[in-house]
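Quick note: the coordinates plus some simple rules give every number you see, no bench work behind them. Since the structure is predicted, the reported quantities are computational estimates derived from the model, not experimental observations. Virtual Cβ from ideal backbone geometry, glycine too; neighbours counted across all protein chains shown.
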Amino acid sequence: ELGGRKAKVEKMFGLMDEFLKNDPISLQKDILDHVEFTVARSRFSFDDFEAYQALAHSVRDRLIERWHDTHQYFKKKDPKRIYFLSLEFLMGRSLTNSVTNLGIQDQYADALTQLGFDYEVLAEQEGDAALGNGGLARFAACQMDSLATLDYPAWGYGLRYQYGLFRQIIVDGFQHEQPDFWLNFGNPWEIERVHVSYPVKFYGTVEEEVLNGKKCKIWIPGESVEAVAYDNPIPGYGTRNAINLRLWAAKPSDQYDMESYTTGDYINAIVNRQKAETISNVLYPDDRSYQGKELRLKQQYFFVSASLQDIMRRFKDLHRSFDEFPEKVALQINDTHPSISIAEVMRVLVDEEHLDWSKAWDIACRIFSVTIHAVQPEGLEKIPVDLLGSVLPRHLEIIYEINYRLMEELKKSFGQDYDKLSRMSIIEEGAVKSIRMANLSLACCHTVNGVSRVHLETLKTRVFKDYYELWPQKFQCKTNGVTQRRWIVVSNPSLCSIISKWLGTEAWIRNVDLISGLREYAKDPDLHTEWKNMKRVNKMRLAEYIETLTSVKVSLDAMFDVQIKRIHEYKRQLLNMLGIIHRYDCIKNMDESDKRRVVPRVCIIGGKAAPGYEVAKKIIKLCHAVADKVNNDPDVGDLLKVVFIPDYNVSVAELVIPGSDLSQHLSTAGHEASGTGCMKFLMNGCLLLATADGSAVEIAEEIGAENMFLFGAKVDEVPALREKGTTLKGSLQFARVVRVRIPSKVFPVLFAISMQFGSYVAARCLGSKVFLYVLGNVRMVRDGYFGFKDYFKSLCDTVEDGGDFYLLGYDFASYLEAQAAADRTFVDQEKWTQMSILSTAGSGKFSSDRTIEEYAQQSWGIEPCKCPF
Ligand code: Z57
């Protein structure tokens, strides 16, 4: 045994000679070679972008090296693999993440300095890979990083969109969308595999056939499109492992239009071929409205079919019988978007591999697990039966068969309870007969994961109540996480050094639990000094960025208060705006001595609105209208600045998060499944102002509720408050016209708020409860105080005449209280810094490493497979 190992090690050292070297001289040589032979520029004349390209290619070589070793090792060991299917991956930039994970960032920085380049400047040349919308997609990217780092034998599968998420440009305060030409200058982070390609079929008919005396169905497709693989190596940190994210692009198939050739219409045949490519052309930019679009369904099936062919080919290389399939393969479906894969596995096993239905179903049920990210039943994906029947006729039949058998089984448990049966059915009858993709997943998957504890609770008690009662063991909580590699090590290097210095080790980068060791020093004045310096430097970078983009000068002494995320009514950016208007109105009513007590704020908002989401677009315009007014008002000065950061994306987040003091997470309780942005802020020592929703509940448990600013209605209060909404309406009329002075003796807290903020507040008593209304501020918007009166009318209606579904009115009072508490704390910098340190120290649970360990052990049943060295 010992001798064997020694021989192996010797062999490895022999091989080491051939590995690419990472000393600065070798790196310089490689970079210059790439300048000359890859970028094809002169070694003596190339610009920053070309230097970036050459640099990226030299990193790519090093990634490929590890990728090869890892996959050779996986092949040799043949462990059970996890295949992670997701329609979206939000990877952002790759350069710094790669050199960090490869552990050669310093060497590269030195190499470039010697060549007369600045690493930071070159890194800024890279554009984002934005093949996703928001949280769901970025979470997928974080999970890939953790899978690689923890040495799991994992593959990611997705779609290589030609155009990622649109670029947001702002013209006169309005959002406009522009295509994201991310591939125009080449993408050094992918490897095209022209030889790894599979045909994907659509349309056609289903016919019966007799095979060995047995009747079976065969699908005669009407169209075939080729899926070509593009591999994106994902390096782990502190390991040689680099796993693969394989993205599929659509190409015309060679058999595609043979018939047209024979008719002689050669030119048309060639032109028509190009239509195939539309499948992977563009990412859908509205993440949660399912409109039954044919192209969307084709995208889903396209990547699922190609991925499954690839997975099955790999399996068949080493195994004869599908009996072993569940021992070698775990399939994770990210939300229901890839859930057509359930029908596809059944089709392949039954129609092509000729397994019995029940055998095939048993296999399917043992390989699939799903994570649900939606909260509302309305958020669940449905596919019209007519559409599915036309695009994938055989899959529709299979889903009917699955449903028939499911209903038979359910009848055994529930008898003739037809209400229940129809709720649980995969098929929804109604105006548009549709397939409920969530129910298909529930029927098949052995595990159904929620993304936070409150979210799982909602799934169990409301959204999937019937299924939970039937199969409680399927339902599991896997609270989301984010990777500390990107969100601390890469994006906040100063914080990274502080943590390593105080813990005396870098081990927390792979084992983040250690970060709690910082608690011990939460009061240490030396740490406080370092911590505050770190924050100030990060704020300086952010302030420069803000000034370049928006020409607004901000004071570093102000509290940087940030809300960055997709614009959605439930995330209540409007509540933030009403708070800002309120603050502005208060400042306007203050005399000079009052003003001296105001904590200066820079309110930063960023995010994209889905192109068709009118209300969200109006919120963006309101941010700009208010910013215009406030930022140019000499009465306000540095006390309040409002900034909208355009084109929010992963790279912008990497810059903004480390430089913020306070971050806002304002979803109406029960609407945010988890939220992952808050975890990034937490790690970076930014205090959270949040509702008790999604993962914020668990964050409060970890760091202590006293270390954040919680406010608002609780999850279980929301339904009753909505009911009451109509009865409160009468008082709204009153609130519109009257400015209320609050008697200090009766309502000391409210009085304090009104003193701090002025009086554009309406209060009302209901029994022992006091409600404060936002309507004073809405009134200002409605009256045209910020211009665009007609345009903002419908936005104002959502909180006034529209019944205020998201409860801005109800939550406003406690929102202002939480804001006031944040102001008071900020004045006490020692207290603030202590809370900030405790936030970072308590963030360990919210690493995606923890999330992935839970998935590996509880859902997938996989073990690490670490490539030697
Ligand atoms: C999306 O980004 C999320 C849920 C969805 O149903 C869709 Br579609 C897109 C988000 C949730 O809103 C977040 O709360 C959650 O943190 C994230 O998914 C990752 O689970």
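See the values below:
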{"quantity": "Which of ALA431, VAL210, GLN107, positive extreme of dipole for the chain (C-beta unit charges)", "calculated": "ALA431"}
{"quantity": "Calculated from backbone phi, Karplus (6.51, -1.76, 1.60) coupling profile of region 835-844 in Hz, x at Gly/Pro", "calculated": "5, 5, 5, 5, 5, 4, 4, x, 8, x"}
{"quantity": "Mean shadow area of region 583-701, taken as a quarter of the surface of its Cα convex hull (nm²)", "calculated": "8.9"}
{"quantity": "Among LEU459, THR149, MET91 the positive-end extreme of the charge dipole of the chain (Cβ point charges)", "calculated": "LEU459"}
{"quantity": "Phi to ³J(HN,Hα) by Karplus 6.51 cos²θ - 1.76 cosθ + 1.60 over region 39-55, Hz, x for Gly, Pro", "calculated": "7, 6, 10, 6, 4, 9, 8, 8, 8, 4, 5, 5, 4, 4, 4, 5, 4"}
{"quantity": "Efficiency of FRET between LYS412 and ILE64 - r from beta-carbon atoms, R0 60 angstrom, step 0.05", "calculated": "0.65"}
{"quantity": "Translational diffusion of region 359-478, µm² s⁻¹ [Kirkwood Rh, Cα pairs; Stokes-Einstein; 25 °C; 0.890 mPa s]", "calculated": "164"}
{"quantity": "Gyration tensor over alpha-carbon atoms, region 195-339, equivalent ellipsoid semi-axes in Å", "calculated": "29, 24, 17"}
{"quantity": "Sequence-distant residues sharing a close amide H with PHE560 (under 5 Å, placed H)", "calculated": "VAL602, ASP661, LEU662"}
{"quantity": "Mean separation of Cα contacts under 8 Å, 6 or more apart, over the residue count of the chain: relative contact order %", "calculated": "13"}
{"quantity": "Sparse-neighbourhood loop sites, trypsin sites (Lys or Arg not before Pro) in region 302-343 - DSSP loop, at most 16 other Cβ within 10 angstrom", "calculated": "ARG320"}
{"quantity": "Vicinal HN-Hα couplings computed from phi for region 472-486 (Karplus, 6.51 cos²θ - 1.76 cosθ + 1.60; Hz; Gly/Pro x)", "calculated": "x, 5, 6, 8, 9, 9, 10, 4, 4, x, 10, 8, 5, 5, 6"}
{"quantity": "Unit charges on C-beta of K, R, D, E only; dipole of the chain, Debye", "calculated": "1620"}
{"quantity": "Distant-in-sequence amide H partners of VAL329 (H built 1.01 Å from N, under 5 Å)", "calculated": "ARG81"}
{"quantity": "Cut-off under 5 Å, modelled amide H: who pairs with THR447 long-range", "calculated": "VAL370"}
{"quantity": "Label point distance in nm, THR205-ILE169, each placed 7 Å from Cα along Cα→Cβ", "calculated": "5.1"}
{"quantity": "Links that overshoot a 18 Å alpha carbon limit, given the list LYS382/LYS618; LYS571/LYS641; LYS478/LYS845", "calculated": "LYS382/LYS618; LYS571/LYS641"}
{"quantity": "Global geometry of the chain, whether rounded, prolate or oblate, following the gyration tensor of its Cα atoms and the 1.5 cut on a/c", "calculated": "oblate"}
{"quantity": "Base-10 log of normalised Debye intensity for region 484-846 (one unit scatterer per alpha-carbon) at q = 0.08 Å⁻¹", "calculated": "-0.38"}
{"quantity": "Once exposed loop GluC sites (Glu not before Pro) are cut out (DSSP; at most 12 other Cβ, 10 Å), longest piece of the chain", "calculated": "430-869"}
{"quantity": "Where only alpha carbons of region 102-161 are counted, the Rg and the Dmax (Å)", "calculated": "15.7, 41"}
{"quantity": "Global form of region 15-56, assessed from the alpha-carbon gyration tensor, a/c cut-off 1.5", "calculated": "prolate"}
{"quantity": "Pairwise centroid distance, computed over Cα atoms, of region 499-556 with region 317-374, Å", "calculated": "46"}
